[in-house]
Amino acid sequence: MTWAIGIDLGGTAVKIALIERHTGIVRQERHATRLDDGPEGVIAQIASLAREFCDDGMVRSGPDCFAGIGLGAPGAVDSARGMLSYPPNLPGWTRYPLRDALQRALDQNGTSVPSLVVDNDANAAALGEAVFGAGRKFTDFMLVTLGTGVGGGIILNRELYRGSHGTAGEIGYLTIDYQGGSVHAGVRGTVESLIGKDRIVALGKARYRDNPRELWSEEHHGQDLCRLSPRTLEHAAHAGDAIAVSIWEDVGAILGVGLAGVVALMDVRKFVIGGGISGAGNLVVQPALVRLRQSTLPSMHDDLEVITASLGNDAGVYGAAALCFESL
C-alpha cells in the first residue's frame with residue numbers, strides 16, 4: 001500500500017499524518033508550533049516528528065511503498081525551488097529555503113526519504129480535496145479557504161495549477177472594492193479585507209449595535225457581544241436570528257463577487273469552500289451562488305456549482321501527502 005507523510009505547518013500548530021493512498025489517514029497528531037525557537041527550531045521540530053512517523057510507516061507498510069514527505073506552509077511558496085516567502089503567522093521567516101532546511105534536518109536525524117515536496121498550504125488543501133474529498137468528481141475546480149484569512153488553490157485538468165511564481169489562486173488578495181474602507185496587507189478592498197474572520201466579527205458587532213438591543217442574541221454572543229465569533233453567528237442564524245442571517249448573506253455575496261472574477265478570467269465553474277468559516281454551510285454557500293450568477297454573464301452560468309469541502313481541517317495533511325503521490 002503506497003503511503004506518505006503529510007505535514008501542515010501553521011503559526012499555531014504543526015499537523016502531521018501518515019496517509020495511505022487508498023485508505024486515508026492511518027495516524028495523525030497535532031503539536032503547538034515552536035515559534036519562539038525560530039525557523040531552525042521549527043524545522044527541527046518537524047524533522048523529529050517526521051522521523052517518528054516514517055519509522056511507524058516502515059513498520060506498517062514497508063519501505064518499498066513509501067512515496068515521501070509533503071509539507072504545506074502559509075505564504076508564497078516556490079515549489080520548484082523549495083523557497084518560502086513572507087509567511088503570515090511565522091514572524092521572522094521572510095524568505096526561507098524551506099525544503100533544503102528540512103532536508104538537512106532529516107539527513108541529520110537519519111531519516112531517508114524518496115521525495116520531499118513543499119507547497120503553499122491552500123494549494124495542498126486543494127489537492128487534498130481533489131484526491132480524497134469533495135473535489136474528486138470535478139476535472140477543474142477552485143478551493144477557497146475561509147478562516148482567519150481567505151486563500152485558494154486551483155485544480156485544472158486534475159492537476160494543481162501554481163502559476164509562474166507559485167502564487168496562483170490567492171483569491172483573498174483579489175480587489176473587489178478599490179475605494180472601500182477595508183484594507184489588508186496594504187491593499188484596499190480585497191476579498192480577505194472584507195470577509196476575513198476579524199472583519200466578519202467587526203461587521204457582526206456593528207450590525208447588532210445598529211439594531212434594537214432586544215434583537216441581540218446574547219445567549220449566543222454574550223453580554224455586549226463579548227463572545228461574538230463566526231461560530232456564534234452561525235448558531236444564531238440557525239436559531240432564526242435575522243441579523244445573523246443578514247450578515248451571512250453579505251459574506252456570501254462578497255464571496256460570490258470574488259468567485260465571479262475567477263469564472264470570467266479562467267472559466268472555472270466549480271468551487272469548493274473550505275476552512276473553519278465554511279462550517280456555516282448553506283448560510284454562506286447559497287448567497288455566494290446567487291451573487292455569482294448575478295455577477296456573471298448568462299453565457300457563463302452553465303455548470304456553476306458551489307459546495308462545501310468534505311475534509312475539514314484534515315485537507316492540508318491529505319494534500320501534503322498527495323503531493324508525493326505520482327498522479328491524482
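The values are calculated or read from the model by the stated rules, or taken from the named source; none is laboratory data. Please read all numbers here as calculations on a predicted model, not as lab measurements. Note that each Cβ is placed from the backbone with ideal geometry, even for glycine, and that neighbours are counted across all protein chains shown.
Entry remark, the range 1-28: residues being in contact with a Phe, Trp or Tyr (Cβ under 7 Å, 6 or more places away or on another chain) and aliphatic (A, V, I, L, M) number 5 in total. Tallying residues that are under 22 Å from the mean Cα position of the chain (by Cα) and within 27 Å of residue 58 (Cα to Cα) within the range 77-101 yields 4.
Taking the listed residues 160, 174, 127, 146, the one that is buried (at least 17 other Cβ atoms within 10 Å of the Cβ), touching a Ser or Thr at 6+ places or on another chain (Cβ under 6 Å) and either under 27 Å from residue 285 (Cα atoms) or of a type in the set (Phe, Trp, Tyr) (or both) is 146, with no other qualifying. Scan the range 86-118 for residues that are touching a Phe, Trp or Tyr at 6+ places or on another chain (Cβ under 8 Å) and within 24 Å of residue 170 (Cβ to Cβ) and the total you get is 5. Taken over the range 177-232, the criterion of being surrounded by 12 or more Cβ atoms within 10 Å (Cβ to Cβ), at negative phi, part of a loop (DSSP other than H, G, I, E, B) and not aliphatic (A, V, I, L, M) is satisfied by 177, 180, 182, 196, 211, 216, 217, 227, 229. The single condition among (1) in contact with a Phe, Trp or Tyr (Cβ under 7 Å, 6 or more places away or on another chain); (2) at pLDDT 95 or above that residue 31 does not satisfy is (1).
Take the residues in the range 306-328 that are closer than 24 Å to residue 250 by Cα and touching a helix residue (DSSP H, G or I) at 6+ places or on another chain (Cβ under 8 Å); name whichever of them is surrounded by the fewest Cβ atoms within 10 Å (Cβ to Cβ). Among those residues, the one meeting the criterion is 310. Selection of the range 1-46 for residues being touching a residue at least 60 places away in the same chain (Cβ under 8 Å), small (Gly, Ala, Ser) and closer than 16 Å to residue 74 by Cβ yields 6, 10, 11. Suppose we keep only residues that are of a type in the set (Ser, Thr, Tyr) and farther than 15 Å from residue 125 by Cβ within the range 298-328. Which one would you say is nearest to the chain's Cα centre (by Cα)? Applying the filter and picking the extreme gives 327.
For the range 199-245, the candidate set comprises residues that are in contact with a Lys or Arg (Cβ under 7 Å, 6 or more places away or on another chain) and touching a residue at least 24 places away in the same chain (Cβ under 8 Å); within that set, the residue that is nearest to residue 290 (Cα to Cα) is 243. Per this entry, residue 116 is counted among residues that are without any contact (Cβ under 8 Å) to a residue 60 or more places away in the chain, crowded, with 19+ Cβ neighbours inside 10 Å and not polar (S, T, N, Q). Residue 56 falls short of the stated requirement of being touching a residue at least 24 places away in the same chain (Cβ under 8 Å), in a strand (DSSP E or B) and not small (Gly, Ala, Ser).
No other residue among 240, 275, 261 is under 30 Å from residue 53 (Cα atoms) and not assigned by TED's automatic domain parsing to the domain that holds residue 57 apart from 275. Can you confirm whether residue 165 is modelled with pLDDT under 95 and either hydrophobic (A, V, I, L, M, F, W, C) or in contact with a Ser or Thr (Cβ under 8 Å, 6 or more places away or on another chain) (or both)? So residue 165 fails the test.
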